[in-house]
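Take a look at the structure set out below.
The values are calculated or read from the model by the stated rules, or taken from the named source; none is laboratory data. Since the model is a prediction, treat every value here as computed from it, not as a measurement. Backbone-built Cβ (ideal geometry, glycine too); neighbour counts: all protein chains shown. The area values use the complete protein model at the heavy-atom level, side chains included, leaving out ligands, DNA and RNA. Shrake-Rupley method; radii C 1.70, N 1.55, O 1.52, S 1.80 Å.
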Amino acid sequence: MWPRINKPLKVVQTHANKLSNRFYPYDEIETEAILAIDDDIVMLTADELEFGYAVWREFPDRLVGFPSRLHLKDPVTQQLKYESEWTSDISMVLTGAAFYHKYYSFLYTTSMPGNIKQWVDDHMNCEDIAMNFLIANATGKPAMKVTPRQKFKCPECTNVEISADMSHMVQRSECINRFTQIYGRMPLKTVDFKADPVLYKNTIPDHLKKYKDVGSL
């Protein structure tokens, strides 16, 4: 059932099932801002989305979003690994729910280094990591996490989340090492930073808050 909105809504049917399709610079996209969001991200509120967009408008060259992740170096193997545990440090924002400038769709499609895009399509994984590498490499700046929410699991889903599957995690660690080798360096920046709405935790009347409905987890 389509929502009743006063804006045009168009479904683009692609010719092949490729992860890179989500970052293709479609002619139908007329706005500078793109909100990439997975179909199982159903818990974000309108206030959280509006605040995320407001932050992106202040930092339009950054990847601004909600689920965050971190890369670490394994002290035993000295290899980089993908970390999904909740930490205050972040180096990536997942494109399952994130704002970015449409220029990066053009870069992803036409200027992705090496065979990264082909590898992503062949393995059906790591397109979000590839976009983080691309934007960080182009800007020299870290991604930005907004709002304190950490849980993004679809409440109606009964199957095991793919992100919790060990083989999936191992492959994402492989992505980070592979992409770093292709770039010839590690472009991701690790920061201890999160943008939250002003007053959202204060015990004041809601009518004084611009963003009232912000999830705590």
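Just the residues that are assigned to a helix (DSSP H, G or I), in contact with a helix residue (DSSP H, G or I) (Cβ under 8 Å, 6 or more places away or on another chain) and among the hydrophobic types (A, V, I, L, M, F, W, C), please, taken from the range 85-140.
Leu107, Ile116, Trp119, Val120, Ile129, Ala130, Met131, Phe133, Leu134, Ile135, Ala138, listed by residue number.
List the number of the failed condition for Gly52; all other conditions in (1) in contact with a Ser or Thr (Cβ under 6 Å, 6 or more places away or on another chain); (2) within 21 Å of Ala143 (Cα to Cα) hold.
Condition (1) is where Gly52 drops out.
Going by the conditions given, is Gln79 out of contact with any Leu (no Cβ under 7 Å at 6 or more places or on another chain), open to solvent by 80 Å² or more (accessible area, probe 1.4 Å) and closer than 20 Å to Asn132 by Cα?
It is true that Gln79 is out of contact with any Leu (no Cβ under 7 Å at 6 or more places or on another chain), open to solvent by 80 Å² or more (accessible area, probe 1.4 Å) and closer than 20 Å to Asn132 by Cα.
Determine whether the range 34-51 contains at least one residue that is assigned to a helix (DSSP H, G or I) and either within 23 Å of Cys126 (Cα to Cα) or touching a Pro at 6+ places or on another chain (Cβ under 7 Å) (or both).
To start, the set of residues in the range 34-51 that are assigned to a helix (DSSP H, G or I) comprises 46-51.
Filter once more, so that each one left must be either within 23 Å of Cys126 (Cα to Cα) or touching a Pro at 6+ places or on another chain (Cβ under 7 Å) (or both): 51.
Among the residues of the range 34-51, at least one is assigned to a helix (DSSP H, G or I) and either within 23 Å of Cys126 (Cα to Cα) or touching a Pro at 6+ places or on another chain (Cβ under 7 Å) (or both), which makes the answer yes.
Condition first: closer than 13 Å to Asn21 by Cα, hydroxyl-bearing (Ser, Thr, Tyr) and surrounded by fewer than 22 Cβ atoms within 10 Å (Cβ to Cβ). Now tell me which residues in the range 105-150 satisfy that.
Passing the criteria: Ser105, Thr109, Thr110.
Take the residues in the range 3-40 that are in contact (Cβ under 8 Å) with a residue 40 or more places away in the chain and over 13 Å from Ser105 (Cα atoms); name whichever of them is most open to solvent (accessible area, probe 1.4 Å).
Of everything passing the filter in the range 3-40, Lys18 is most open to solvent (accessible area, probe 1.4 Å).
Would the range 63-79 turn up any residue that is among the aromatic types (Phe, Trp, Tyr) and not in a loop (DSSP other than H, G, I, E, B)?
no
Using the structure shown, decide if Pro60 is modelled with pLDDT of 95 or more and in a loop (DSSP other than H, G, I, E, B). Steps first, answer last, please.
Details: modelled with pLDDT of 95 or more: yes; in a loop (DSSP other than H, G, I, E, B): yes.
Spelling it out, Pro60 is indeed modelled with pLDDT of 95 or more and in a loop (DSSP other than H, G, I, E, B).
Here's the yes/no breakdown for (1) assigned to a loop (DSSP other than H, G, I, E, B); (2) touching a helix residue (DSSP H, G or I) at 6+ places or on another chain (Cβ under 6 Å); (3) at pLDDT 90 or above:
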residue: Lys145; (1), (2), (3): no, no, yes
residue: Arg178; (1), (2), (3): no, no, yes
residue: Pro197; (1), (2), (3): yes, yes, no
residue: Ser216; (1), (2), (3): yes, no, no
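Regarding Thr95, is this residue within 23 Å of Met169 (Cβ to Cβ), surrounded by 11 or more Cβ atoms within 10 Å (Cβ to Cβ), in contact with a strand residue (DSSP E or B) (Cβ under 7 Å, 6 or more places away or on another chain) and without any contact (Cβ under 8 Å) to a residue 40 or more places away in the chain? Quick ask: steps written out before the conclusion?
Working: within 23 Å of Met169 (Cβ to Cβ): yes; surrounded by 11 or more Cβ atoms within 10 Å (Cβ to Cβ): yes; in contact with a strand residue (DSSP E or B) (Cβ under 7 Å, 6 or more places away or on another chain): yes; without any contact (Cβ under 8 Å) to a residue 40 or more places away in the chain: no.
The answer is no for Thr95.
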